[in-house]
Amino acid sequence: MSDSAITDDKSRRDFLIISTSVVGAVGTALAAWPLVDSMNPAADTLALSTTEVDLAPIKEGQSITVVWRGKPVFVRYRTAAEIKTANDAKLEDLPDPQADKDRVKKAQWLIMVGVCTHLGCIPLGQKANDPKGEFGGWFCPCHGSHYDTSGRIRKGPAPENLFVPEYKYLSDTKVQIG
Amino acid sequence: MSKFFENPVIKWVEYRLPIFSFIDESVGSGYPTPKNLNYWWNFGSLAGLVLVIMIATGIVLAMNYTAHVDYAFESVERIMRDVNYGWLVRYIHVNGGSMFFILVYIHMFRGLYYGSFKEPRELLWIIGVFILLAMMATAFMGYVLPWGQMSFWGATVITNLFSAIPLIGDSIVTWLWGGFSVDNPTLNRFYAFHYLLPFVIFALVFIHLWALHVHKSSNPLGIDIQGPQDTIPFHPYFTIKDLFGMGVFMLIFMYFVFFAPNFFGEPDNYIKANPLVTPPHIVPEWYFLPFYAILRAVPDIWFISAKLGGVIAMFGSILILLLLPWLDRSKVRSSQFRPINRQLFWVFFVDCLILGWVGANSPDAVFHGVPFLWIGRVTTAYYFAHILLIIPLVSILERTKPLPESISAAVTANAKSGAGE
Amino acid sequence: MKKINAIASILAVALIFGSAVSSATASEGAKPHAQDWSFNGIFGTFDRGALQRGYQVYSEVCAACHALRLLSYRNLTAIGLSPDQVKKIAAEFEVTDGPNDEGEMFQRPARPSDRFVSPFANENAARASNNGALPPDLSLMTKARKGGADYLHGLLTGYKEEPPAGVKLPEGMNYNLYFPGNQIAMAPPLADDAVKYADGTKATLDQVSSDVTTFLAWAAEPELEERKRLGIKVMLFLLVLTGMLYALKVSIWKDQH
């Protein structure tokens with residue numbers, strides 16, 4: 001065998017090693033995908049994503065907690081005073097500026113996910129005798145985040161306002177969340 | 001390779017944990033391997049691949065499975081219908097079980113043909129038999145988990161085997177069940193063991209490989225490695241050969257997964273378990289069929305009832321494999337040089353296939369006028385006779401062919417003549 | 001020699017396995033004829049028209065007795081119905097939900113995310129309405145019977161008005177060629193014009209049987225189309241990879257041969 005034939009052989013083999021390794025690595029990565037994707041929400045979980053709430057029994061100044069996608073959703077019938085404080089807050093004072101009117105569809109009904117945006121605890125403030133924080137809304141006991149009467153973060157480590165889910169009024173007293 | 005070991009980072013790690021040289025000496029260029037291994041030597045690595053696939057898919061299935069008699073069947077169907085790629089993961093796991101047994105059975109028949117179990121690899125073989133036993137336990141308990149009709153009745157029949165034990169049998173069965181029939185406690189403990197045992201298998205495989213690396217692979221000629229001229233490094237020669245084998249195997253495996261996923265299964269297992277109705281034909285999964293045939297073949301013998309005798313014969317048929325290294329007295333390993341043993345090996349192989357066929361049929365059924373019960377009895381008798389009588393006798397009486405001088409000499413002669421066995 | 005032995009023994013075994021086995025117990029029904037299903041073969045897909053007609057047959061005929069409890073209404077989008085059509089279908093059924101704030105269970109129209117509503121509340125109710133026989137759930141029927149779709153089609157078309165001479169049927173039983181044991185409690189469920197198809201397909205017994213079988217095959221294996229499609233890609237990929245591995249194997253082993 002001549003020298004050039006040997007080098008030809010060697011370069012052919014090197015090319016085969018690299019290309020086969022690449023194809024094999026891509027195949028292994030693709031094969032891992034079904035295993036990873038199986039941990040995402042399943043079709044039945046995704047289908048169960050709406051909850052209906054009856055507003056009729058809730059009195060002014062009262063809150064209820066309903067479950068949506070396994071998380072608590074706060075539904076509060078706000079008093080006129082609470083709506084006023086919420087509207088009076090200056091946007092430049094807010095860590096996560098958002099107007100109250102962008103957080104509600106009807107001013108008296110505040111609907112939001114009751115999960116602190118810091119590390120996922122459930123803030124206090126739903127019951128009449130709960131601590132409501134310095135801004136009269138909600139107070140997260142885990143790391144001391146204060147939310148106002150619009151559920152916006154005002155003080156403490158939480159970076160964002162309480163999340164407002166998608167919802168729609170099915171009638172004046174019925175809301176569908178999700 | 002030496003360049004790799006001069007790298008300062010590698011050197012730093014090596015000094016503290018010699019993992020790279022360990023890998024190199026196990027499956028790298030530092031592991032000398034007989035140069036004449038044929039493709040029958042691929043099946044060990046293939047079984048290892050399937051073990052990894054089974055554990056990976058099994059863990060994902062466990063994330064979605066509910067071990068409760070009211071929900072198990074539905075949770076499996078939820079995996080099939082709603083979980084992303086759940087059908088794929090489950091079908092890989094289900095067919096992987098069958099593939100695992102095919103590979104391991106071929107691996108064992110290879111050992112039998114080429115005398116791989118002989119001195120000094122007796123422990124290697126014995127550990128292998130324990131791996132088979134652990135696989136059987138794992139497969140049996142895994143089959144119960146979907147809680148279909150075959151799951152339930154298979155579990156009932158197999159656990160009832162233990163009632164054959166005199167005096168304490170019934171207490172053992174109640175203890176196995178955790179109740180008075182196969183029920184929720186049984187399902188839960190089977191699930192726990194089904195999750196545990198694969199890791200036991202993994203540990204056994206590690207010891208199996210450890211034993212393998214002491215005296216290295218056997219080879220088709222069955223003669224010892226005499227020096228470096230008889231070997232080639234494992235890497236790259238056998239890494240690429242094993243990888244190519246894996247490619248071919250995956251093609252077959254994936255064909256079943258995607259195009260015939262229920263080929264090895266029983267339709268009855270898609271009916272939810274019903275403790276009040278037994279399906280007309282209970283059959284175990286195919287890989288247990290020969291043993292099932294042995295179980296049913298034994299009649300009442302003297303004071304031993306057919307029930308107890310069947311159970312002893314079934315477990316005995318595996319346990320006698322442990323004695324094989326001492327039953328076979330021949331100094332020559334490979335059947336290539338043992339003409340009579342080679343013929344009888346194929347007789348034994350066919351005997352095992354017939355046992356499997358008998359296990360799939362009802363003992364009352366008749367084949368060309370011969371009841372299956374009798375076919376099962378004859379083949380069972382031959383199974384034991386082959387291992388306990390024929391192998392020892394042949395190994396003493398047989399006149400073996402002359403062995404080649406060395407592996408390298410045989411390989412060179414083969415290359416010259418252009419003929420290959 | 002060894003190879004000849006191996007081949008001979010495998011052939012012998014194949015011959016044994018291949019030949020017929022006469023069973024002492026004559027519990028098996030006749031072997032159903034293989035049908036040319038749209039979902040057969042590695043490229044098979046479900047015929048959408050047959051699926052929708054089959055759903056019509058199921059809901060107008062079978063659903064009176066047979067549940068389909070592993071399916072949800074939302075699954076029907078896969079047979080080509082629009083989300084709005086599915087919502088309408090679901091709303092025709094009532095499901096029990098609750099408890100509400102007063103602690104009481106209440107009825108509400110079904111939603112697409114709900115499971116198919118079963119015709120009977122439980123097994124006992126089903127048996128009571130069917131002379132003691134239990135109409136099986138159909139969710140997995142084609143996977144849960146030997147012969148699969150062919151068997152189901154055979155069963156639906158295999159009724160005989162008169163049993164063969166010498167066979168006496170007990171009260172309330174019907175003679176079916178393909179049912180194991182030939183005696184089936186279910187009266188012939190389908191006949192010519194059992195339903196009226198909106199798409200103008202002539203509703204012969206064979207047609208309605210094929211349609212509902214196709215629908216039930218989908219119900220048992222809704223992943224079939226995705227499975228076969230992905231399977232072809234995986235096989236092609238593995239062929240390429242294995243080919244490359246073989247080329248590399250030859251190249252690496254060159255100096256040894």
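Brief remarks on what is shown
- Considering B:Ser334, B:Ser362, B:Ser317, the condition of being buried (at least 17 other Cβ atoms within 10 Å of the Cβ) and modelled with pLDDT under 95 is satisfied by B:Ser362 alone.
- Scanning the range B:218-252 for residues that are β-branched (Val, Ile, Thr) and part of a loop (DSSP other than H, G, I, E, B), we see that the one that is farthest from the other protein chains (Cβ to nearest Cβ) is B:Ile223.
- Within the range B:80-105, the set of residues being among the hydrophobic types (A, V, I, L, M, F, W, C) and more than 14 Å from chain A (Cβ to nearest Cβ) comprises B:Val94, B:Met99, B:Phe100, B:Phe101, B:Ile102, B:Leu103, B:Val104.
- Considering A:Ala89, A:Ala25, A:Ala56, the condition of being surrounded by fewer than 16 Cβ atoms within 10 Å (Cβ to Cβ), among the aliphatic types (A, V, I, L, M) and assigned by TED's automatic domain parsing to the domain that holds A:Pro123 is satisfied by A:Ala56 alone.
- Test: C:Val208 is within 12 Å of C:Leu156 (Cβ to Cβ), more than 11 Å from chain B (Cβ to nearest Cβ) and either among the hydrophobic types (A, V, I, L, M, F, W, C) or in contact with a Pro (Cβ under 8 Å, 6 or more places away or on another chain) (or both): yes
- When residues of the range C:236-257 are limited to those that are surrounded by fewer than 17 Cβ atoms within 10 Å (Cβ to Cβ) and more than 30 Å from B:Thr231 (Cα to Cα), the one farthest from the other protein chains (Cβ to nearest Cβ): C:Leu236
- Restricting the first member to the range A:31-46 and to residues that are outside any helix (DSSP H, G or I), and the second to residues that are open to solvent by 70 Å² or more (accessible area, probe 1.4 Å), the beta-carbon pairs closer than 7 Å and six or more apart or on different chains are A:Met39/B:Met63.
Yes/no per residue for (1) surrounded by 15 or more Cβ atoms within 10 Å (Cβ to Cβ); (2) without any contact (Cβ under 8 Å) to a residue 24 or more places away in the chain:
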| position | (1), (2) |
| --- | --- |
| B:Ile165 | yes, no |
| B:Ile207 | no, no |
| B:Ser217 | yes, no |
| B:Ile240 | yes, yes |
| B:Met246 | yes, no |
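- For the range C:110-139, a tally of residues being within 14 Å of chain A (Cβ to nearest Cβ) and open to solvent by 50 Å² or more (accessible area, probe 1.4 Å) returns 2.
- Residue in the range C:57-72 that is farthest from C:Leu216 (Cα to Cα), counting only those that are touching a Lys or Arg at 6+ places or on another chain (Cβ under 9 Å) and buried (at least 17 other Cβ atoms within 10 Å of the Cβ): C:Ser72
- Filter result for C:Pro164 (within 14 Å of chain B (Cβ to nearest Cβ) and open to solvent by 50 Å² or more (accessible area, probe 1.4 Å)): no
- Within the range A:114-178, strands (runs of 3 or more DSSP E) holding 1 or more residues that are surrounded by 17 or more Cβ atoms within 10 Å (Cβ to Cβ) and either under 15 Å from the mean Cα position of the chain (by Cα) or of a type in the set (Val, Ile, Thr) (or both): A:153-155, A:167-171, A:174-177
- Selection of the range B:1-48 for residues being among the hydrophobic types (A, V, I, L, M, F, W, C), farther than 29 Å from B:Leu251 by Cβ and assigned to a helix (DSSP H, G or I) yields B:Phe4, B:Phe5, B:Val9, B:Ile10, B:Trp12, B:Val13, B:Ile19, B:Phe20, B:Phe22.
- From B:Gly356, B:Gly376, residue being surrounded by 15 or more Cβ atoms within 10 Å (Cβ to Cβ), within 11 Å of another protein chain (Cβ to nearest Cβ) and either outside any loop (DSSP other than H, G, I, E, B) or on the phi > 0 side of the Ramachandran plot (or both): B:Gly356
- Some residue of the range A:41-53 being of a type in the set (A, V, I, L, M, F, W, C), surrounded by fewer than 11 Cβ atoms within 10 Å (Cβ to Cβ), over 24 Å from A:Gly114 (Cα atoms) and at pLDDT 90 or above: no
- All told, A:Ala47 meets the bar of being closer than 30 Å to A:Lys168 by Cα and in contact with a helix residue (DSSP H, G or I) (Cβ under 7 Å, 6 or more places away or on another chain).
- Within the range C:183-239, being touching a residue at least 40 places away in the same chain (Cβ under 8 Å) and among the β-branched types (Val, Ile, Thr) holds for C:Val195, C:Thr201, C:Val208, C:Val212, C:Thr213, C:Thr214, C:Ile232.
- Each residue in the range B:253-281 was checked for being among the β-branched types (Val, Ile, Thr), more than 7 Å from chain C (Cβ to nearest Cβ) and crowded, with 17+ Cβ neighbours inside 10 Å, and 1 of them qualify.
- Taking the criterion of being among the aromatic types (Phe, Trp, Tyr) and closer than 24 Å to B:Ala72 by Cβ, the residues of the range B:257-291 that qualify are B:Phe263, B:Phe264, B:Tyr270, B:Trp286, B:Tyr287, B:Phe288.
The values are calculated or read from the model by the stated rules, or taken from the named source; none is laboratory data. Values in this document were obtained by computation on a predicted structure and should not be read as measured data. Every residue, glycine among them, receives a Cβ derived from its backbone with ideal geometry; neighbour counts consider all protein chains shown. Surface accessibility is based on the protein's heavy atoms, side chains included, excluding ligands, DNA and RNA. Shrake-Rupley method; radii C 1.70, N 1.55, O 1.52, S 1.80 Å.
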